[in-house]
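Novice: Quick one: the structure is below, and I'll ask about it shortly.
The values are calculated or read from the model by the stated rules, or taken from the named source; none is laboratory data. Predicted, not measured: the structure shown is a model, and the values here were computed from it. No Cβ is skipped: glycine too gets one built from the backbone with ideal geometry, and neighbour counts run over all protein chains shown. What goes into the accessible areas is simple: the full protein's heavy atoms, side chains included, and nothing from ligands, DNA or RNA. Shrake-Rupley method; radii C 1.70, N 1.55, O 1.52, S 1.80 Å.
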Amino acid sequence: MEETGISREHILSILKNAKSEDTSYDRVLSSMCTYPHEIAVLAHTQFIEANMGDPGLFPGTYGLEKEVLKMFGSLLHHNNSPEKCGYLTTGGTESNIQAIRSMVNARRDINHPNVVMPESAHFSFDKVADLSGIEIRKASLDNTLKVDLNSVVSLIDDNTIGLVGIAGTTEFGQIDPIESLSEIALDRDFFLHVDGAFGGFILPFMDMEYHYDFEVEGVTSMTIDPHKMGLSTIPSGGLLFREPEYLDDLEIHTPYLSINKQYSLTGTRSGASVASTYAVMKHLGREGYRSVVDQCMEQTREIVSGAKALGIETVIDPVMNIVALNVPQADDVRKKLLDDFGWHVSITRNPRALRLVIMPHIDNNTIELFLADLEKLV
Ligand code: PLP
């Protein structure tokens, strides 16, 4: 670091250059993030110094967090004081880690606990295994890429403490059979965490009704991420438990803060993302999100029919706004899409297919341009 600082203008020009090297979302079909809503950005900048790690200093922001939790509760059929049952995390990874940590802490009587989840689970669960030493057991998928229930049951033993189901898998956007997982969990007194990091802001706004949240009796916790389809700013995550007691299992004594206990994984925690999530959820309302989801699903149908016209099939019929295209030599096509045309797409692991996430920044024109470029390569 230099001894003498540089001027504001100089800093701003360095930042501008750095920003110009970043990718704008215009040709990004690989990300679950998007441009946040304008009101979320405005709220974010107004609360930039608020630290939810020390909420006694920020009672106003803390109040907004409670309101957001109530809104999560109403989206996810949680009728038991949701404002006391969760908090806004620093993204889906923290939510998933904390959900498992709470299970482990509640079952200290089990020496080498394990949790069974689909092999489609997000890699955040591998991090919790690494951190806590808990064993993560991966169940295989059926031919629609939902978790195979026989495989789940076969992996359960005396040390199993919980199950995980996904409401919107990262690679395919598939929804696991949460009601059946719930029956298994209730029979054996297991926890059941549902990872709705992606689906949490989609499923409540779809025409089709799915049963994946707290209305399903065995569901004990859920991840929901406002910084993905919620159009809030990064890093807005959410974690909700069925009962307030589950949060107690996460509490650590905090001797020198304005509060004497803390349940979050991170210490300092963004109040800006609380304000931005509050602002965008209040501003859009269900109606606003419904139209965002409608638009994404409409574009998803467009891309599927355009791909079919090129002779390309999807791996599964898309359930939400994620499409996996069965393109021969998918890795080569992905590279050419980027090198020749600047499109960012990703690849699913099994089967290897071209994965597209149709976020709100994708419009009709983008789809047409993309399909035209894809046609040149297949
Ligand atoms: N869970 C699911 C289903 C996801 O798709 C993702 C990210 O894509 C995560 C969890 C992790 O979220 P984050 O990247 O915000 O930590």
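Novice: Does Leu257 count as open to solvent by 50 Å² or more (accessible area, probe 1.4 Å), within 16 Å of the ligand (Cβ to nearest atom) and not acidic (Asp, Glu)? Talk me through it step by step, then tell me what you get.
Specialist: Values: open to solvent by 50 Å² or more (accessible area, probe 1.4 Å): yes; within 16 Å of the ligand (Cβ to nearest atom): no; not acidic (Asp, Glu): yes.
So Leu257 fails the test.
Novice: Ok, one more. Scanning for something farther than 17 Å from Pro82 by Cα and open to solvent by 10 Å² or more (accessible area, probe 1.4 Å), does the range 217-229 turn up at least one residue? Walk me through it before giving the result.
Specialist: From the range 217-229, those farther than 17 Å from Pro82 by Cα are 227-229; that's our starting set.
From the residues that got through so far, the ones that are open to solvent by 10 Å² or more (accessible area, probe 1.4 Å) too are 227-228.
Yes: the range 217-229 contains one or more residues that are farther than 17 Å from Pro82 by Cα and open to solvent by 10 Å² or more (accessible area, probe 1.4 Å).
Novice: Hey, among Ser20, Ser24, Ser7, Ser30, which residue is farther than 21 Å from Gly288 by Cα, surrounded by 15 or more Cβ atoms within 10 Å (Cβ to Cβ) and not hydrophobic (A, V, I, L, M, F, W, C)? Full working, then the answer.
Specialist: Details: Ser20 fails: surrounded by 15 or more Cβ atoms within 10 Å (Cβ to Cβ); Ser24 fails: surrounded by 15 or more Cβ atoms within 10 Å (Cβ to Cβ); Ser7 fails: surrounded by 15 or more Cβ atoms within 10 Å (Cβ to Cβ).
Exactly one residue qualifies, and that residue is Ser30.
Novice: Test Thr93 against the stated conditions and say whether it is in a loop (DSSP other than H, G, I, E, B) and of a type in the set (Val, Ile, Thr).
Specialist: Details: in a loop (DSSP other than H, G, I, E, B): no; of a type in the set (Val, Ile, Thr): yes.
When the stated conditions are applied, Thr93 does not pass them.
Novice: Sticking with this structure for a sec: Are any of the residues in the range 233-253 surrounded by fewer than 17 Cβ atoms within 10 Å (Cβ to Cβ) and among the aliphatic types (A, V, I, L, M)?
Specialist: Step one: filter the range 233-253 for residues surrounded by fewer than 17 Cβ atoms within 10 Å (Cβ to Cβ), giving 243-245, 248, 251-253.
Checking which are among the aliphatic types (A, V, I, L, M) leaves us with 252.
Yes, that holds for at least one residue.
Novice: For the range 180-220, name all the residues that are hydrophobic (A, V, I, L, M, F, W, C) and in contact (Cβ under 8 Å) with a residue 40 or more places away in the chain.
Specialist: Keep residues of the range 180-220 that are hydrophobic (A, V, I, L, M, F, W, C), which gives 181, 184-186, 190-192, 194, 197-198, 201-203, 205-206, 208, 214, 216, 219.
If the condition is that a residue be hydrophobic (A, V, I, L, M, F, W, C) and in contact (Cβ under 8 Å) with a residue 40 or more places away in the chain, then Phe191, Ala197, Phe198, Phe201, Ile202, Leu203, Phe205, Met206, Phe214, Val219 are the ones that fit.
Novice: Looking at the range 326-342, can you tell me whether even one residue there is within 28 Å of Gly200 (Cβ to Cβ) and hydrophobic (A, V, I, L, M, F, W, C)?
Specialist: No, the conditions are met nowhere in the range 326-342.
Novice: Determine if the range 266-276 includes at least one residue that is free of Cβ contacts under 8 Å to residues at least 40 places away in the same chain and outside any loop (DSSP other than H, G, I, E, B). Walk me through how you get there before you give the answer.
Specialist: Start the filter on the range 266-276 by keeping residues that are free of Cβ contacts under 8 Å to residues at least 40 places away in the same chain, which leaves none.
No; the residues of the range 266-276 include none that is free of Cβ contacts under 8 Å to residues at least 40 places away in the same chain and outside any loop (DSSP other than H, G, I, E, B).
Novice: If Gln262 satisfies all but one of (1) away from the ligand (no atom under 16 Å from the Cβ); (2) surrounded by 24 or more Cβ atoms within 10 Å (Cβ to Cβ), what's the number of the condition it fails?
Specialist: For Gln262, the exception is condition (2).
Novice: Does the range 55-70 include one or more residues that are surrounded by 19 or more Cβ atoms within 10 Å (Cβ to Cβ) and modelled with pLDDT under 95?
Specialist: Yes, there is a match, as at least one residue in the range 55-70 is surrounded by 19 or more Cβ atoms within 10 Å (Cβ to Cβ) and modelled with pLDDT under 95.
Novice: Name the one entry in Asp225, Asp248 that is closer than 23 Å to Asp54 by Cα, in contact with a helix residue (DSSP H, G or I) (Cβ under 7 Å, 6 or more places away or on another chain) and not small (Gly, Ala, Ser).
Specialist: Working: Asp248 fails: in contact with a helix residue (DSSP H, G or I) (Cβ under 7 Å, 6 or more places away or on another chain).
The match here is Asp225.
Novice: Okay, next question. Keeping to the range 59-78, report how many residues are part of a loop (DSSP other than H, G, I, E, B) and either out of contact with any Asp or Glu (no Cβ under 9 Å at 6 or more places or on another chain) or outside the structural domain of Leu247 (by TED's automatic domain parsing) (or both).
Specialist: Residues that pass the stated criteria total 0.
Novice: Here's something else I'd like to know. Which numbered condition in (1) crowded, with 20+ Cβ neighbours inside 10 Å; (2) hydrophobic (A, V, I, L, M, F, W, C); (3) touching an Asp or Glu at 6+ places or on another chain (Cβ under 9 Å) is the only one that Leu310 fails?
Specialist: Of (1) crowded, with 20+ Cβ neighbours inside 10 Å; (2) hydrophobic (A, V, I, L, M, F, W, C); (3) touching an Asp or Glu at 6+ places or on another chain (Cβ under 9 Å), only one is false for Leu310: (1).
Novice: How many residues are touching a Leu at 6+ places or on another chain (Cβ under 8 Å), open to solvent by 30 Å² or more (accessible area, probe 1.4 Å) and within 12 Å of the ligand (Cβ to nearest atom) when one looks only at the range 75-133?
Specialist: Here the count works out to 1.
Novice: Okay, next question. State the number of residues belonging to the range 224-253 that are within 16 Å of the ligand (Cβ to nearest atom) and closer than 27 Å to Ser182 by Cα. First the steps, then the outcome.
Specialist: So the first thing to find is which residues in the range 224-253 are within 16 Å of the ligand (Cβ to nearest atom), and the list is 224-240.
If we keep only those that are closer than 27 Å to Ser182 by Cα as well, we get 224-226, 228-230, 237-240.
Count: 10.
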